[in-house]
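The values are calculated or read from the model by the stated rules, or taken from the named source; none is laboratory data. The structure presented is a predicted model; accordingly, all values stated were derived computationally and were not measured. As a convention, Cβ positions derive from the backbone with ideal geometry for all residues, glycine included, and neighbour counts pool all protein chains shown.
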Amino acid sequence: MLEANNVEVRYDTKIVLEDITFEVKAGEIFLIVGGSGCGKTTLLKTLCGLLTPSKGSIRIMGRDITKLDEEEKAEIQQTVGFAFQSSGLINSMTVGDNVALPLKEYGKVPAELIPEVVRIKLSLVGLAGVEEMMPEELSGGMKKRAGLARALALDPPLVFFDEPSAGLDPIIAVELDELILNLRELLGTTFVIVSHELESIKKIADRILMLDNGRRIFCGTLAEVETTNIPLVRQFFERKPSTERQIMAYR
């Protein structure tokens, strides 16, 4: 579904991501994790084409988006969904109009059927009947769900989700985890998710990519996390403070 090879991202002369290589299989829930400022969100934006890498290739369903012109890239981006950490809803539009936006811009759904498609997408994420509400009337968890409904509007096989549990109370976060698992089961959707919430990671991840200072330090399953001898990986998952000796031993 997704393949990154030797990806490098620079901001001017500063290297933010370096030599990132991994693949995501169809139907997986793939988590990108790591400490603050390690490059997680930058990687997510690069994978979906919002940022252009300075080196390397990124293939979505076999097509290298780094070699496409803007029109071809836009065509590929219509086959993926992106749910932002802040939900990304447009505050001046109703929730229904927010979800309808990709359908109106890119969809091939007849205009008279768009309201029904919007209703179905909102019901799918547990938000039936909120079409006429404004984003400011929604709770944080509802905004995340509405953003996810918009990401699912065009029935993409691949969805990117940035920090779905950030800022949510534990109960709402668990419900969102369950929703992601149910959508994968129901629709076969592949998810690539950035998160630092350990409980969510342990609940939904099929495989995990861990970054540190813009580099890949681990990629594997939760079972492999349990047996790794990489200090920074163990510290992250065991919630232990790092020591100078351990960091130097790894580097």
Only one of LYS25, LYS14, LYS45 that is of a type in the set (Lys, Arg), surrounded by fewer than 19 Cβ atoms within 10 Å (Cβ to Cβ) and over 19 Å from GLY81 (Cβ atoms): LYS14
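Given the criteria assigned to a strand (DSSP E or B), touching a helix residue (DSSP H, G or I) at 6+ places or on another chain (Cβ under 6 Å) and either among the charged types (D, E, K, R) or more than 19 Å from GLY220 (Cα to Cα) (or both), does ILE32 qualify? Full working, then the answer.
Numbers: assigned to a strand (DSSP E or B): yes; touching a helix residue (DSSP H, G or I) at 6+ places or on another chain (Cβ under 6 Å): yes; either among the charged types (D, E, K, R) or more than 19 Å from GLY220 (Cα to Cα) (or both): no.
Considered against the rule, which asks whether it is assigned to a strand (DSSP E or B), touching a helix residue (DSSP H, G or I) at 6+ places or on another chain (Cβ under 6 Å) and either among the charged types (D, E, K, R) or more than 19 Å from GLY220 (Cα to Cα) (or both), ILE32 comes out as no.
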Residues of the range 2-29 classified as within 17 Å of ASP64 (Cα to Cα) and either outside the structural domain of ARG184 (by TED's automatic domain parsing) or part of a strand (DSSP E or B) (or both), total: 14
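Kindly establish whether ILE172 is modelled with pLDDT under 90, buried (at least 16 other Cβ atoms within 10 Å of the Cβ) and under 15 Å from ARG145 (Cα atoms).
Working: modelled with pLDDT under 90: yes; buried (at least 16 other Cβ atoms within 10 Å of the Cβ): yes; under 15 Å from ARG145 (Cα atoms): yes.
Yes: the conditions hold for ILE172.
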Selection status of ALA149, buried (at least 21 other Cβ atoms within 10 Å of the Cβ), at pLDDT below 95 and under 21 Å from SER86 (Cβ atoms): yes
Looking only at the range 49-60, and only at residues there that are in a loop (DSSP other than H, G, I, E, B), surrounded by 15 or more Cβ atoms within 10 Å (Cβ to Cβ) and within 17 Å of the chain's Cα centre (by Cα), the one that is modelled with the lowest pLDDT: GLY49
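If I ask for residues that are in contact (Cβ under 8 Å) with a residue 12 or more places away in the chain and over 17 Å from VAL159 (Cα atoms), which ones from the range 23-39 would you list?
Within the range 23-39, GLY34, GLY35, SER36, CYS38, GLY39 qualify.
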The one condition in (1) touching a Phe, Trp or Tyr at 6+ places or on another chain (Cβ under 6 Å); (2) surrounded by fewer than 19 Cβ atoms within 10 Å (Cβ to Cβ); (3) among the acidic types (Asp, Glu) that ASP162 fails to fulfil: (2)
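Kindly state which helices (runs of 4 or more DSSP H) lie completely within the range 133-251 and contain at least 1 residues that are closer than 18 Å to LEU31 by Cα and among the β-branched types (Val, Ile, Thr). Spell out the reasoning first.
Working: elements: 140-151, 170-187, 198-204, 222-227, 231-238, 244-250.
Output list reads 170-187, 198-204, 222-227, 231-238.
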Filter result (modelled with pLDDT of 90 or more, surrounded by 13 or more Cβ atoms within 10 Å (Cβ to Cβ), touching an Asp or Glu at 6+ places or on another chain (Cβ under 7 Å) and in a loop (DSSP other than H, G, I, E, B)) within the range 62-116: THR94
